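The values are calculated or read from the model by the stated rules, or taken from the named source; none is laboratory data. Model, not experiment: these values are computed from the prediction. FYI the Cβ positions are ideal-geometry reconstructions off the backbone, even for glycines, and counts take in every protein chain you see.
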Amino acid sequence: MWKGFSLGVSDGVIWEEVKAVMNVHSTEHGEANAPVLQCLWEYVKSAQEEILLSPYMPAYYAFMTHLLLCAPFLALDALGSVCQRVRLWRIAADASPPPSLQQWSECFWRVLYKYLICVLPVTALFQMVRSHALPELAPSVWQLFVEVIACFLLFDMLFYIWHLTMHRVPWLYRNIHQLHHQHRITFALAAQDASSVELLSLLLLALSSAWVVGCHPLSEAFFHLINSWLAVEDHCGYDLPWALHRLLPFLGGAPFHQAHHSIHSGNYAPYFTHWDHLFGTYRASSSHPK
Ligand SMILES: [Zn+2]
Ligand SMILES: [Zn+2]
């Protein structure tokens, strides 16, 4: 656990109790579930140990998974120019055509440049102060599930606070966040099209969330992977019939985040909607299911 993070005493006690309960469940379910993840963990450890321990891994993993997860939406944007059905799924279909290949390309070079000059060196330093021990045992499926959910709940809360602060403090908005709002209508790759400081802060928030939760490295890898997917889905510009927010109503999804980019306020949380509902910053999206 990251001792530098300022959890209060009562928060710390509550979290230790949650971890104790979680460990009981892990032990109960561990033996039954162990083979499921143990093979995967042993393969990853034996084949990829050096890569896993590399200080450059977080930035490389974040950049590459982001690119790979954006690929289906690049295909969808290309299809949109010839297929009416695909255009109807676009949230802002009336406001603008799908982004061009040139927009994708310009965005790619901007993001790559910021990763190289800022995100890669700083996250490498951050990694060097973390523990490098890889455990022998894989987590049970239950432990992995609880750790990933805990990471998301914590990351969502921290992001909400940071995002709201950037909007409420004019200096922070102008110097850090405004660049991300150049996209009034978003597309998948734009999820990472932000200032170097914002990109870095988001990656550090994700790494810190996993550190505070005390995740197993395999749980952490799943968390970062799903985190990248949800960020891409938030910005993809499509309200797809199979999107996660249609299945899980507590997620905001692309219409929720597109509303934030359109009106420049409200819907500050990245994924869940409870913080915006609780603090009165929720804005209904104008998307109509098709
Ligand atoms: Zn914003
Ligand atoms: Zn955004």
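Among the residues of the stretch 170-192, not a single one is away from ligand 2 (no atom under 16 Å from the Cβ) and in contact (Cβ under 8 Å) with a residue 60 or more places away in the chain. Residues that are part of a helix (DSSP H, G or I) and not β-branched (V, I, T) within the stretch 119-133 comprise L120, P121, A124, L125, F126, Q127, M128, listed in sequence order.
Looking at the structure I just gave you, is W229 surrounded by fewer than 18 Cβ atoms within 10 Å (Cβ to Cβ), touching a residue at least 40 places away in the same chain (Cβ under 8 Å) and either assigned to a loop (DSSP other than H, G, I, E, B) or not hydroxyl-bearing (S, T, Y) (or both)? Spelling it out, W229 is indeed surrounded by fewer than 18 Cβ atoms within 10 Å (Cβ to Cβ), touching a residue at least 40 places away in the same chain (Cβ under 8 Å) and either assigned to a loop (DSSP other than H, G, I, E, B) or not hydroxyl-bearing (S, T, Y) (or both). Quick check on A210: is it surrounded by 19 or more Cβ atoms within 10 Å (Cβ to Cβ) and assigned to a helix (DSSP H, G or I)? Taking the combined requirement at face value, the residue satisfies it.
So is P98 part of a loop (DSSP other than H, G, I, E, B) and either at pLDDT below 75 or within 24 Å of W211 (Cβ to Cβ) (or both) or not? Taking the combined requirement at face value, the residue does not satisfy it. Per the conditions (1) modelled with pLDDT under 95; (2) in contact with a Phe, Trp or Tyr (Cβ under 6 Å, 6 or more places away or on another chain), the sole criterion not satisfied by P139 is (2).
Taken residue by residue, the stretch 134-142 has at least one member that is away from ligand 1 (no atom under 16 Å from the Cβ), in contact (Cβ under 8 Å) with a residue 40 or more places away in the chain and part of a helix (DSSP H, G or I). The listed residues are H181, H163, H216, H224, and the only one of them that is buried (at least 16 other Cβ atoms within 10 Å of the Cβ) and more than 14 Å from the chain's Cα centre (by Cα) turns out to be H216.
Considering only residues of the stretch 77-128 that are among the acidic types (D, E) and farther than 13 Å from D193 by Cα, which is surrounded by the fewest Cβ atoms within 10 Å (Cβ to Cβ)? It comes out as D94. Restricted to the stretch 241-290, and to residues there that are without any contact (Cβ under 8 Å) to a residue 12 or more places away in the chain and among the aliphatic types (A, V, I, L, M), the residue that is farthest from ligand 1 (Cβ to nearest atom) is L247. Residues satisfying the criterion are present in the stretch 242-250 (criterion: of a type outside the set (K, R) and within 16 Å of F155 (Cα to Cα)). Where residues in the stretch 153-165 are out of contact with any strand residue (DSSP E or B) (no Cβ under 6 Å at 6 or more places or on another chain), touching a residue at least 24 places away in the same chain (Cβ under 8 Å) and not aromatic (F, W, Y), which of them is nearest to ligand 2 (Cβ to nearest atom)? So, considering only residues that are out of contact with any strand residue (DSSP E or B) (no Cβ under 6 Å at 6 or more places or on another chain), touching a residue at least 24 places away in the same chain (Cβ under 8 Å) and not aromatic (F, W, Y), the one nearest to ligand 2 (Cβ to nearest atom) is H163. Of S201, S195, all but one fail to be farther than 18 Å from L251 by Cα and over 13 Å from the mean Cα position of the chain (by Cα); the exception is S195. Please specify each residue of the stretch 144-189 satisfying the condition of being under 24 Å from M64 (Cα atoms), within 13 Å of ligand 1 (Cβ to nearest atom) and in contact with a Pro (Cβ under 8 Å, 6 or more places away or on another chain). Result: F159, single match.
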